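Step one of this worksheet: look at the structure below.
Here, each number is a calculation from the coordinates, and none is a lab measurement. Keep in mind it's a predicted model, so treat the numbers as computed, not measured. Cβ placement follows ideal geometry from the backbone for every residue including glycine, while neighbour counts extend to all protein chains displayed.
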Amino acid sequence: MIPNSAIDGPPGSSEFDEVDSVLAEWASELADRIRAGEPVDQEYLAARHPEYADQLRHLVRTIKMMTVLIVPGRSKQGVHGPVHPEVGRDEHSRRLSDV
Amino acid sequence: MAINDSETESLLRQAGRGDDAALGRLLELYRPRLKQMVSIRLDRRVATRLDPSDVVQDALADAGMNLKDYLREPPIPFYPWLRRFAQERVIQLHRQHLFAEKRSLFREQSGQVFLPDEATIQLADLLASSQSTPSQQLIRGELCQQVRQLLDRLSPRDREVLVLRYLEDLSFPEIALAVGLNEGAVKMRHLRALERIRVLLNSEDEVPQ
């Protein structure tokens, strides 16, 4: 169960804002990885980031369910390749692998 | 300067030098992706009268006519720019075919993105047809149906970001351009929409006593 405080923290709370920002960045990175067919080891992530273990498990599960909507084998053309180069470039953001 | 992948950049340069064949190849590269977008966005009532391929063809023609302006100083990457023509076509068709009937049939989204109430209805058919065996089609179709029902229960704002990411398969920078938000805001909206989906899933799992 993701604590409500992590997602619906009180407005203006810098602590909750920071948690949200980290989770938002990770959720987007997980979505990109799963979309690219990269393996995502939930238990490894949970062990590496125990403070976010529940959130990460829930995110992976939900994202995997959402990716059923992506048509398999569809030609992918555009501004991004299999892995988005933009992810983690922001010096203020934290990548899953960096923490 | 907008950033595109190397193949797109190469074709853009050739097209800019007047190579019509390169222009054709460039537009063809993106035709499947645009068709997917139009198929998702086109209201079912309009889709019974029009083939999404025709809408894409018109959008590509529009883009071809405006390509010189784009090449002069690309304001955004190529696909988000191209997608806008398809989006404009879909909006025009909805206005033409349905707005006269009942304006309230639609919900206007920020950034001029229209998401018809039935935007995800075609999902099961669209996705099931992409599978190779009947059993795979069945399983995938059922799962898609479940996801579709969850999407329908989201607010338009939450649903839109998930449709753009998981149905249209747009990257987060592309979504930001499509909805007129910065990338951080889009990622936050994505997180919250996923959380809503999870809450809905949990509520479905709860068996009434």
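Key figures
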read-out	value
Within the stretch B:1-38, trypsin sites (Lys or Arg not before Pro) in DSSP loop having at most 14 other beta-carbon neighbours inside 10 Å	B:R17
Shielding by other protein chains, B:37-44, mean Cβ within 10 Å	0
Average beta-carbon neighbours from other chains, 10 Å sphere, peptide B:176-188	3
B:A185-A:E51 FRET efficiency (beta carbon distance; Förster radius 22 Å; 0.05 resolution)	0.35
